[in-house]
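Take a look at the structure set out below.
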């Protein structure tokens, strides 16, 4: 029975590590896409950093990426940037790859 218990603990540990890594990837992706959007809006470096943090915070409003997409789309459109939802989702995908690579390089 110890083999089964050991295997169960190993799976639980792997699941926890995977979920933590996914959380970290999404947080970094959101920060990167926030910086991308801030650049498109012409914000200063300090404003861009604050804006990137606000995008990370926006992800905690609801499950999934819709809250982040809504925030980015609303902010970019109100700033007069010509952008659509598909472009934002594309940027999010590209930044997720970048975030994953950066975190894998740290590990």
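Rounding to the nearest 10 and keeping the result within 0 to 90°, find how far the Cα-based axis of helix 2-41 lies from the longest principal axis of the chain.
10
With a cut-off of 8 Å between alpha carbons and a minimum separation of six or more residues, what is the relative contact order of the chain in percent?
30
How would you classify the range 24-70 from its alpha-carbon gyration tensor, with a ≥ b ≥ c the square roots of the eigenvalues: rounded for a/c under 1.5, else prolate if a/b is greater than b/c, otherwise oblate?
Prolate, because a/c is 1.5 or more and a/b exceeds b/c.
On a 0 to 90° scale, report how tilted helix 85-106 is relative to the longest principal axis of the chain, with both axes built from alpha carbons and the result rounded to the nearest 10.
In the chain, helix 85-106 runs at an angle near 50 degrees to the longest axis.
Could you list, bin by bin from short to long, the percent of Cα-Cα pairs of the range 2-106 in 5 Å steps?
2, 12, 20, 21, 15, 9, 6, 5, 4, 2, 2, 1, 0
I'd like the orientation of helix 45-58 relative to the chain: the angle between its Cα long axis and the longest Cα principal axis, in ° from 0 to 90, rounded to 10.
Once rounded, one gets 50 degrees.
With springs connecting C-alpha atoms under 10 Å apart, model the chain as a Gaussian network and identify which of 17, 40, 31 has the largest mean-square fluctuation.
Fluctuation is largest for 17.
Laboratory data are not the source of any read-out in this text; all were calculated from the coordinates shown. Fair warning: this is a prediction, and the values are worked out from it, not measured in the lab.
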